[in-house]
Amino acid sequence: MSIHGTYSVVSYGEMVRSGPRVRAYAEALRAAITPGCTVLDIGAGFGFFAILACQFGAGRVIAVEPAEAITLGPDLARANGCADRITFVHGLSDDLGEESRADVIIADLRGVFPLFKRHIPTIADARARLLKPGGTLITQRDTLRCALVSDVKLAGMAFDPWDANAFDLDFSAGRRISVNTRRKTTASPEALISDPQDLAEVDYRTVTDPNVSGSASLVATRSAPAHGVLAWFDAELAGGQGFSNAPDQPTLVYEQMFFPFERPVEIAAGDRVDFDLDLRLMGEDYTSIWRTRIARTGAPELRFSQSSALAEFTTPADLRRRSGSHVPQSTARLELDRYCLSRFDGMTSQATIAREAMDRAPGRFATEAEALGYVAALAARYHDPGH
Ligand SMILES: C[S@@+](CC[C@H](N)C(=O)[O-])C[C@H]1O[C@@H](n2cnc3c(N)ncnc32)[C@H](O)[C@@H]1O
């Protein structure tokens, strides 16, 4: 993740007004805190849980967050009478040392799914290095759940533009991208055409492998065109608290995830659909692979094999460039970056480096301000939050 994080202050505001999620986290935190204990809030946003932890009696709180929103934290802590107890760290938990070890760790690093960016490696690292023996991880376990879904809105998104359009244009070549793209959505409980089943589990108290896979056998409860599989999670927190982003629960920030089939399939009540999902962390995010086997009465079995990797515009040359045997070549831009990086020596101003960059790459920048922007952006990538 970039040091700047991903969300704005407004997004964090949306997150903390998400009723059942926030209530469950707050109650779990209240139950876990013992007077004077140390709490680590990972992914603190502007410090909402950190401030709550102080109200519940924590003696010391470390709130760590790479997004700029954390700079609002000290003002909010002052307004709530706890500025002296919270240390705000503008950065990543990966860089915290043992002075940040805590009795309680609170974090919600999920996206639509718990399998989101470096959530699992971050929690596994924090659990191993930053949780005191006998301490409490507030987020304990997520169970991924799924059901067959029939929903014209989802079908409209996944299939319609590519199968048919009002102008009779042939867009079928875009279909591969569309049906291999999973989507964040909100579906109603009426759109489910099977009972929900468990798909996989992530236990944060023990997990080390960021890759997760699972299977579910879904039996249609009524006849309908099936458009894909809808998935969500049930979260278990410390202190017996929990919440879910299931379609029959109040809508939460996460919403749900839709995995389309390759095409709509007419399903009869009693037909069975076996669904396998593989989520693999590739670099900074997950690739999803989903395989479906549909056994229908009176019709041939159908098999679909889909993957978010098939939705990428990856050419054979791209794949070669990512392989271990590829020998990267230098470029003019790389040389300029290399030079600027060599000048980040703790003594030279960005303005000086920008002028030098203009001399080394004549014509590259129209103005000194543009060169300064370039140098400043490069420096920001390596910004040390302690300075
Ligand atoms: C979903 S937001 C949660 C915000 C807030 N704690 C809440 O629950 O409402 C997750 C946050 O975690 C941050 N984050 C992700 N990885 C992190 C890490 N390794 N260390 C610190 N923060 C991290 C992201 O920048 C993001 O702001």
Residue among T287, T352, T348 that alone is within 34 Å of the chain's Cα centre (by Cα) and either surrounded by 13 or more Cβ atoms within 10 Å (Cβ to Cβ) or not assigned by TED's automatic domain parsing to the domain that holds A147 (or both): T287
Any strands (runs of 3 or more DSSP E) falling wholly within region 200-272 and containing at least 1 residues that are more than 17 Å from the chain's Cα centre (by Cα) and closer than 21 Å to A124 by Cα: 212-219, 224-237, 242-244
Residue within region 248-263 that is more than 18 Å from L154 (Cα to Cα), modelled with pLDDT under 95 and buried (at least 20 other Cβ atoms within 10 Å of the Cβ) present: yes
Test: residue in region 18-26 that is more than 14 Å from the ligand (Cβ to nearest atom), small (G, A, S) and either within 24 Å of the chain's Cα centre (by Cα) or open to solvent by less than 10 Å² (accessible area, probe 1.4 Å) (or both): no
Flag for L341 being in contact with a Pro (Cβ under 9 Å, 6 or more places away or on another chain) and on the phi < 0 side of the Ramachandran plot: no
1 or more residues out of contact with any helix residue (DSSP H, G or I) (no Cβ under 7 Å at 6 or more places or on another chain), closer than 30 Å to R23 by Cβ and open to solvent by less than 60 Å² (accessible area, probe 1.4 Å): qualifying strands (runs of 3 or more DSSP E) within region 124-189: 131-137, 139-149
From the options G111, G73, G97, G59, residue that is in contact (Cβ under 8 Å) with a residue 40 or more places away in the chain, open to solvent by less than 40 Å² (accessible area, probe 1.4 Å) and of a type outside the set (K, R): G111
Complete set of residues in region 27-45 that are more than 13 Å from the ligand (Cβ to nearest atom), among the aliphatic types (A, V, I, L, M) and surrounded by 20 or more Cβ atoms within 10 Å (Cβ to Cβ): A32, I33
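The values are calculated or read from the model by the stated rules, or taken from the named source; none is laboratory data. Since the structure is predicted, the reported quantities are computational estimates derived from the model, not experimental observations. Ideal geometry is used to build each Cβ from the backbone, glycine not excepted, and the neighbour counts take in all protein chains shown. Side chains are part of the model used for accessible areas, which takes the heavy atoms of the whole protein and leaves out ligands, DNA and RNA. Shrake-Rupley method; radii C 1.70, N 1.55, O 1.52, S 1.80 Å.
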